[in-house]
Each structure stands twice: as C-alpha cells, then as structure tokens.
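The next block holds one structure in the form of structure tokens; read it before the comments.
The values are calculated or read from the model by the stated rules, or taken from the named source; none is laboratory data. The shown structure was predicted, so the numbers you read here are calculated from the model rather than taken from an experiment. Here the Cβ is made from the backbone with ideal geometry for all residues, glycine too, and neighbour counts use every protein chain on show. Protein only, heavy atoms only, side chains kept; ligands, DNA and RNA dropped before computing areas. Shrake-Rupley method; radii C 1.70, N 1.55, O 1.52, S 1.80 Å.
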Amino acid sequence: GNVIFEARYIPHEKILQYFIISDVVVFPYVSEEIIAASGPLSIAIALSKPIVATTIPRFTESLGTLENVILVPPRNSEALALAIDMMLKRPTPNCKLGSLKVEGYSNWHDVAKQTLDLYFKVVRECVL
C-alpha cells in the first residue's frame with residue numbers, strides 16, 4: 001500500500017481529501033503539551049476512520065470507548081507499527097458516517113463536498 005506522511009500544515013480545503021483516501025489515521029503524539037485540541041482527531045472520529053493513537057490522556061479520554069481504535073504507549077515504535085499493521089488487516093467496518101456513497105459523482109471534489117456537507121450537518125444536529 002501507499003503511505004502519505006505529512007508533517008506540515010495542511011490547508012483546510014485539502015483536509016477532507018486526505019481523510020477520504022485514508023485507510024487509517026495515526027496520531028503518534030508523545031506528549032499532551034503540544035495539543036490543546038485536535039481538529040484532525042475530531043474529523044477522523046466524525047468520519048468513522050480507523051484510528052491508531054498514543055495513550056496520552058487527551059486520547060484515552062476521547063477514544064477509550066470507541067470501536068475501531070487502537071491505543072499504544074508513546075515512544076513505542078514497535079507497538080505503533082504493530083497497531084497500524086493490525087488496523088490495516090482488519091476488515092472494513094460498515095460505519096454509518098464512514099460509508100460514503102459516491103455513485104453519480106464524477107470527481108473527488110464532489111465527493112469531498114458531500115463529505116464536508118455531511119460533517120457540518122452532523123455537527124449542527126448532534127454537537128451544537
């Protein structure tokens with residue numbers, strides 16, 4: 001498979017593109033000091049993406065009861081690699097929000113717009 005590693009700021013208009021094509025989203029943080037909130041984590045949860053994250057308090061609180069999540073100790077590259085491998089070998093779950101019907105769409109821009117519209121609808125109806 002292909003791996004895309006982006007250790008840089010991703011512009012807002014391109015974020016969903018990465019989530020749509022992702023098989024698993026990885027959050028290998030070693031300390032909670034560098035994150036106050038994680039927009040990408042919220043998007044991954046909303047889109048029901050499989051998640052591998054470290055056991056920093058913010059992630060254990062946010063992800064501890066969710067399915068399709070594997071938590072590993074920080075600074076443990078072997079556990080992180082094993083968790084990613086395990087997540088990639090799992091069968092794809094039938095997630096209500098993660099299953100995107102793309103029939104009738106001719107390009108990824110349309111799919112991304114549909115995903116973004118759904119994400120904002122969920123936020124309006126379920127969060128606010």
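Kindly provide the set of residues from segment 1-30 that are of a type in the set (D, E, K, R) and in contact (Cβ under 8 Å) with a residue 40 or more places away in the chain, ordered by number.
Here is the first cut: in segment 1-30, the residues of a type in the set (D, E, K, R) are 6, 8, 13-14, 23.
Across segment 1-30, the qualifying residue is only D23.
Within segment 57-84, residues that are more than 17 Å from L41 (Cα to Cα) have Cβ atoms under 6 Å from residues that are among the acidic types (D, E) in no pair, counting only partners at least 6 apart in sequence or on another chain.
Taking (1) at pLDDT 85 or above; (2) outside any helix (DSSP H, G or I) in turn, P91 satisfies each apart from (1). Residue count for segment 42-70, restricted to those that are among the hydrophobic types (A, V, I, L, M, F, W, C), within 14 Å of the chain's Cα centre (by Cα) and not in a helix (DSSP H, G or I): 7. Within segment 19-41, the set of residues being out of contact with any helix residue (DSSP H, G or I) (no Cβ under 9 Å at 6 or more places or on another chain) and in a helix (DSSP H, G or I) comprises E33, I34. In the set (1) closer than 25 Å to Y119 by Cβ; (2) open to solvent by 60 Å² or more (accessible area, probe 1.4 Å); (3) part of a loop (DSSP other than H, G, I, E, B); (4) basic (K, R), the condition left unmet by R75 is number (1).
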